[in-house]
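Notes to accompany the following structure.
The values are calculated or read from the model by the stated rules, or taken from the named source; none is laboratory data. Just so you know, these numbers come straight off a predicted model, no measurement behind them. Neighbour counts run over all protein chains shown; Cβ positions are idealised from the backbone, glycine included. Note: accessible area is taken over every heavy atom of the protein model, side chains too, but ligands, DNA and RNA are not part of it. Shrake-Rupley method; radii C 1.70, N 1.55, O 1.52, S 1.80 Å.
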Amino acid sequence: SGDITFDRRGDLMLSLCDTILGLPYEAYKALMVWATSAYSRDQFVRLLLRPLLSQLQKSMSVDAGAERRPLPAIVSVLRWLYNASERAGNVARPEDFYSDAISTLNAELLFHDLQRYKNANEHQRKADFFFSANSFLFSPKVKRNLLHIENEVSMLKTASAGLRYNFEERTYEFNPYFIMDIDRSFLLQQTLQKISAAESSDLRKKLRVVFKGEDAVDGGGVTRELFQLLTESLFDINTGMWSTRFEDGDITWFNGDCTWNDEGFFLSGVLV
């Protein structure tokens, strides 16, 4: 008939999820304390997280859609365990919750889910299932890909908003780029000047960089070079804007005593 059912272990897992989600508050609290105190990190991951993540992968492979019953129940218990771990002081690490099944999903499908989630009202967010409501399951790579797609869509919308019709030429004028002509000798100063003078809508367009006196066409490589040069200059410890925290693994951090370089901090924020 084409129907696929869970194996016995899957049925038991789903029944357990339903039981946990149906607990009264005091029982839920007691179970949360037990789960985060009785188990070591290895036991927490091996006995609780991995079976659920494995069953999540199976439910995604047999479900025609995310709205079917097993998926929301399993994810809800995973979210419950994630919150319990955080409240108890990170019994498990964030990467222990990353779902391989979600990492293999089509990026466009996840982006569509993200847009639905953002546009949903409070009632819809409670009634419907959204992967994006459970971002703790997303690896950094998945989040990066979503951010990239979202930025591409945002840049296209911003550029399209500037579409104008030239009645004399009878043509549409369309400039999808924010163009920066930069002299290498005054890299930081000119970049700051051009960014400060730009409209916020221009900063949301695709960036195209031209180094004065050079013929290279920016297909992405010149922009990458500009970011690399700016990063090396801005995050140089000798600027006085940053300090190094050796106790945290040689991390560059804000220098709280730096009160003389607001422009540098502003440019750093815009670049990020």
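Ser233 is checked against (1) closer than 26 Å to Thr158 by Cα; (2) touching a residue at least 40 places away in the same chain (Cβ under 8 Å); (3) touching a helix residue (DSSP H, G or I) at 6+ places or on another chain (Cβ under 7 Å) and fails just one. What number does that condition carry?
Of (1) closer than 26 Å to Thr158 by Cα; (2) touching a residue at least 40 places away in the same chain (Cβ under 8 Å); (3) touching a helix residue (DSSP H, G or I) at 6+ places or on another chain (Cβ under 7 Å), only one is false for Ser233: (1).
I need a count of the residues in the stretch 73-104 that are surrounded by 15 or more Cβ atoms within 10 Å (Cβ to Cβ) and either closer than 16 Å to Leu56 by Cα or aliphatic (A, V, I, L, M) (or both).
Residues flagged as surrounded by 15 or more Cβ atoms within 10 Å (Cβ to Cβ) and either closer than 16 Å to Leu56 by Cα or aliphatic (A, V, I, L, M) (or both) within the stretch 73-104 amount to 20.
Just to be sure, is Ser85 under 23 Å from Arg144 (Cα atoms) and part of a helix (DSSP H, G or I)?
No.
Report, by residue number, each residue of the stretch 113-138 that is farther than 30 Å from Pro176 by Cα, assigned to a helix (DSSP H, G or I), open to solvent by 50 Å² or more (accessible area, probe 1.4 Å) and of a type outside the set (Asp, Glu).
Correct list: His123, Gln124, Arg125, Lys126, Ala127, Ser135.
It is to be established whether one or more residues within the stretch 207-219 are within 27 Å of Leu147 (Cβ to Cβ) and exposed (fewer than 15 other Cβ atoms within 10 Å of the Cβ).
The answer is yes, given that some residue of the stretch 207-219 is within 27 Å of Leu147 (Cβ to Cβ) and exposed (fewer than 15 other Cβ atoms within 10 Å of the Cβ).
Would you pick out the residues in the stretch 139-149 that are closer than 13 Å to Asn106 by Cα and either open to solvent by less than 20 Å² (accessible area, probe 1.4 Å) or small (Gly, Ala, Ser) (or both)?
Across the stretch 139-149, the qualifying residues are Val142, Leu146.
In the stretch 150-172, which residues are closer than 20 Å to Ala198 by Cα, open to solvent by less than 90 Å² (accessible area, probe 1.4 Å) and either touching a Leu at 6+ places or on another chain (Cβ under 9 Å) or not acidic (Asp, Glu) (or both)?
If the condition is that a residue be closer than 20 Å to Ala198 by Cα, open to solvent by less than 90 Å² (accessible area, probe 1.4 Å) and either touching a Leu at 6+ places or on another chain (Cβ under 9 Å) or not acidic (Asp, Glu) (or both), then Asn151, Ser154, Met155, Thr158, Ala159, Ser160, Ala161, Gly162, Leu163 are the ones that fit.
Which helices (runs of 4 or more DSSP H) does the stretch 154-240 wholly contain that include 2 or more residues that are more than 24 Å from the chain's Cα centre (by Cα)?
187-197, 221-234
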